[in-house]
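Structure, as structure tokens:
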Amino acid sequence: MAAVSVSTQAPATGRARRRMPKLGTAVAAAAAYVIAVIFLLPYLEMVITALRPQSQLLDPDYLPTHFVWSNFVTLWSTGLGRNIETSLEIAGGATVLVLLVAIPAAYYSAKRKFRGRALFLVLVLVTQMFQPTALVVGIYRQFNDLNLINSVWSLILVNAGFNLAFAIWILNAYFSSIPRDLEEAALVDGTTRFGAMLKIVLPVAWPAVVTALIFTFIAAWNEFIVALTLTTNNATAPLTVALNSYIGEYQIDWQHLLGGSVVATIPVIILFAFIEGKVVGGLTAGSVK
């Protein structure tokens, strides 16, 4: 009769007990938390200052004795709602215009070999090197001749023009990484080249499209120099220019200035929260083929 062997080893407890992280992992995690706190502290200070009473504005205490929520209520009486609407029109319009131009341009330059293709991409990259500040005088004269001062369309065109190069390069890299077999299969089935781009290529390249979208929207939302130059009426100015109006010659309306800054961050946070999962894929576009 065969003897039954009985194991004398204690039952494994590795799964029951959580393994301690390595020292390097723990240090990296701690450093990441410290950096995150450092970056979040200015935003926290912005919110606290916006809620401070006027009498405690210069107090050394980090927290006031009480919060004045009416600062955010009276903020809207200054016309900030209209300024936010203008900024949404500018950022949204510039984003749509950039995508309408960048998608076909990037698709054609990625999928078709034509004479001057390399020169075209270099010229697109060169336009990214120009800053609106250096061209602001010429921009003002041009739109003044076109009678487009204090017009939303002028700011849409400028923001679209200065963000177009980035969108084309991001989309071109991603389109180049998509196998041609997908399009050829669609063409064999009778789909046109434009239909293949819409039905086959764009769904696959959605991470790059989202990346171009969010970067264009944020850049247009935060633009200040050209908006200040092309806008002389504060009632129809974008949000960045309206916030600057709280800075007077002799005093600064800190509560409304920082309260408006808090409000200005909300649309960007909402947009990024919805599509942040796609941004990482778009930033690595073209890195793996």
**Request:** Please indicate, with yes or no, whether at least one residue in the range 32-53 is of a type outside the set (Lys, Arg), exposed (fewer than 10 other Cβ atoms within 10 Å of the Cβ) and at pLDDT below 75.
**Result:** no
**Message:** Considering only the range 184-205, I want to know if a residue exists there that is surrounded by 15 or more Cβ atoms within 10 Å (Cβ to Cβ), touching a residue at least 40 places away in the same chain (Cβ under 8 Å) and either touching a strand residue (DSSP E or B) at 6+ places or on another chain (Cβ under 8 Å) or of a type outside the set (A, V, I, L, M, F, W, C) (or both).
**Reply:** no
**Conditions (1) farther than 30 Å from Ala219 by Cα; (2) part of a helix (DSSP H, G or I); (3) touching a helix residue (DSSP H, G or I) at 6+ places or on another chain (Cβ under 6 Å): number failed by Thr95** = (1)
**Item:** Per-region count, the range 127-141, residues surrounded by 10 or more Cβ atoms within 10 Å (Cβ to Cβ) and not in a helix (DSSP H, G or I)
**Value:** 3
**Prompt:** Which pairs have Cβ atoms under 8 Å, sit 6 or more apart or on different chains, and link a residue in the range 16-29 that is surrounded by 10 or more Cβ atoms within 10 Å (Cβ to Cβ) to one that is part of a helix (DSSP H, G or I) and modelled with pLDDT of 75 or more?
**Reply:** Pro21/Ala29
**Request:** Answer yes if at least one residue in the range 88-98 is in contact (Cβ under 8 Å) with a residue 60 or more places away in the chain, surrounded by 12 or more Cβ atoms within 10 Å (Cβ to Cβ) and more than 21 Å from the chain's Cα centre (by Cα), and no otherwise.
**Result:** no
**Request:** State whether one or more residues within the range 221-239 are within 25 Å of Phe274 (Cα to Cα), out of contact with any Cys (no Cβ under 6 Å at 6 or more places or on another chain) and among the hydroxyl-bearing types (Ser, Thr, Tyr).
**Result:** no
**Request:** May I ask you to verify whether Val124 is outside any loop (DSSP other than H, G, I, E, B), exposed (fewer than 11 other Cβ atoms within 10 Å of the Cβ) and without any contact (Cβ under 8 Å) to a residue 60 or more places away in the chain?
**Result:** no
**Asked** So Asn172 fits all but one of (1) within 22 Å of Leu228 (Cα to Cα); (2) among the polar types (S, T, N, Q); (3) crowded, with 16+ Cβ neighbours inside 10 Å; what number is the exception?
**Response** (1)
**Message:** On the basis of being under 21 Å from Phe215 (Cβ atoms) and either in contact with a Cys (Cβ under 6 Å, 6 or more places away or on another chain) or in a helix (DSSP H, G or I) (or both), does Asn159 make the cut?
**Reply:** yes
**Message:** Under 6 Å between Cβ atoms, which residue pairs at least 6 apart in sequence (or on different chains) link something in the range 65-82 that is without any contact (Cβ under 8 Å) to a residue 24 or more places away in the chain and loosely packed, with under 15 Cβ neighbours inside 10 Å with a partner that is of a type in the set (A, V, I, L, M) and not in a helix (DSSP H, G or I)?
**Reply:** Phe67/Leu51
**Request:** Would you check which residues across the range 229-275 are among the β-branched types (Val, Ile, Thr), surrounded by 16 or more Cβ atoms within 10 Å (Cβ to Cβ) and closer than 30 Å to Arg141 by Cβ and list them?
**Result:** Thr229, Thr231, Thr236, Thr240, Val241
**Message:** Looking for something within 22 Å of Leu271 (Cα to Cα) and of a type in the set (S, T, N, Q) - is there at least one such residue anywhere in the range 186-203?
**Reply:** no
**Of residues in the range 106-120 being within 21 Å of Pro179 (Cβ to Cβ) and part of a helix (DSSP H, G or I), the one modelled with the lowest pLDDT** = Arg117
**the range 188-208, residues that are aliphatic (A, V, I, L, M) and touching a helix residue (DSSP H, G or I) at 6+ places or on another chain (Cβ under 6 Å)** = Ala196, Met197, Ile200, Ala205, Ala208
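The values are calculated or read from the model by the stated rules, or taken from the named source; none is laboratory data. No experiment lies behind these values; they were computed from the predicted model shown. Every residue, glycine among them, receives a Cβ derived from its backbone with ideal geometry; neighbour counts consider all protein chains shown.
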